[in-house]
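What follows is a single structure, written as C-alpha cells, with notes after it.
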Amino acid sequence: MLTAKQKELLLYIHERIKETGVSPSFDEMKEALDLASKSGIHRLITALEERGFLRRLPHRARALEVLKMPDSAAPAAPPKGRGSFRPSVVTEGRGSGGGHAGSVPILGQIAAGVPIAAIQNEIGRVEAPADLLGNGTHFALEVKGDSMIGAGILDGDVVIIRRGDAADSGDIVVALVDEEEATLKRLRKRGNSIALEAANPAYETRIFGPDRVQIQGKLVAMIRRYS
C-alpha cells in the first residue's frame with residue numbers, strides 16, 4: 001500500500017520517463033511534489049524501492065526504472081506548476097492532417113550563449129501546418145547542440161516560436177539574457193527569480209533576476225528533417 005505522496009511521485013516519474021525517455025532530476029521531483037527539500041524525495045524513492053516499485057540503475061545519472069505501477073494507477077496529469085509540454089513534431093514535407101501550411105521565416109540558429117545578432121536575419125523559410133501555428137506571429141530557429149534532448153528537441157531540428165513576451169512556468173521559450181544572449185530553455189519562475197532550465201543533466205540550470213531576462217516567444221511546434 002502506497003501513501004499518497006509515494007503514489008504521486010511514482011506516477012510522475014513514470015510519465016516523465018514515458019514522455020522524455022529520461023527520469024526527472026531530484027530538483028524536478030521536489031518542485032513537482034511541492035516539497036521543501038530533496039531529502040523528502042530521497043525518502044520517497046527509498047520507500048518505493050523497498051516496495052518493489054522502483055529501481056535505481058547503477059553508474060548512471062538520473063537513472064530510475066519503474067518496475068510496476070499500483071493496480072489503481074490512472075494516467076498521471078502533470079503535477080501543478082510543472083508543465084510537461086513537448087513540441088508537436090512534423091516531418092518536413094508532410095502535413096499534420098488538417099489546415100493549410102504557413103510559411104515561417106527561419107531567423108538563424110540557437111543554442112546556449114548565442115548572440116542575439118545571430119538570430120535576427122532571415123536565412124530561409126519553412127512550411128508549418130496552420131493548425132499547429134494557431135494565432136499570432138511566428139518565427140523559426142535551427143537548434144544547435146543537445147541541451148534540450150530530454151524534451152525531444154535534437155540538434156538540427158527547426159523549432160517554431162510564437163512571438164510574445166509572456167510565458168508560464170514550464171513553457172519552453174526563447175529567452176534573451178542581458179539583452180545580448182539568446183537561448184532556448186524551459187522557463188521556471190522561482191519567487192522573484194527566473195530559472196532557465198536545460199533538458200539535459202549535463203547542463204546547469206541558470207538563475208537570473210527578472211530584469212535580466214526577456215521572453216521573445218514560446219515554442220509551439222518543431223520540424224524534423226530526415227536525410
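When the accessible area of the range 150-227 is computed with all protein chains present and a 1.4 Å probe, what percentage of it is carbon and sulfur? Roughly 42 percent of what the probe reaches on the range 150-227 is carbon or sulfur.
So if each residue of separation counts as 0.36 nm, and I subtract the Cα-Cα distance between residue 19 and residue 120, what length gain in nm does that give? All intermediate terms of the calculation are to be shown ahead of the outcome.
On the way: separation 101, 0.36 × 101 = 36.36 nm, distance 3.22 nm.
Between residue 19 and residue 120, full extension yields 33.1 nm more.
With contacts taken as Cα pairs under 8 Å at a separation of at least 6 residues, the range 146-227 carries a relative contact order of 40 percent.
For the range 117-206, the solvent-accessible area with a 1.4 angstrom probe is 46 square angstrom per residue. Fully extending the segment from residue 208 to residue 5 would add 70.0 nm, taking 0.36 nm per residue of separation and subtracting the current Cα-Cα distance. For the range 168-227, applying the loop criterion from DSSP together with a ceiling of 16 other beta carbons within 10 Å to the trypsin sites (Lys or Arg not before Pro) yields 225. Pairs from the list 144/185; 5/30; 7/38; 5/185; 38/218; 7/68 with a Cα-Cα gap above 19 Å: 5/185; 38/218.
Expected output is a single nm value to one decimal: the length gained when fully extending between residue 27 and residue 42, i.e. 0.36 nm times separation in residues minus the C-alpha distance. What is it? Numbers along the way, then the final one.
Working: separation 15, 0.36 × 15 = 5.40 nm, distance 1.10 nm.
Going from the current span to full extension adds 4.3 nm.
The values are calculated or read from the model by the stated rules, or taken from the named source; none is laboratory data. Here the structure is a predicted model, which is why all the values come from computation and not from measurement. Methodologically, a virtual Cβ is constructed for each residue, glycine included, from the backbone with ideal geometry; neighbour enumeration extends over all protein chains shown. Accessible surface areas use protein heavy atoms only, side chains included; no ligands, DNA or RNA. Shrake-Rupley method; radii C 1.70, N 1.55, O 1.52, S 1.80 Å.
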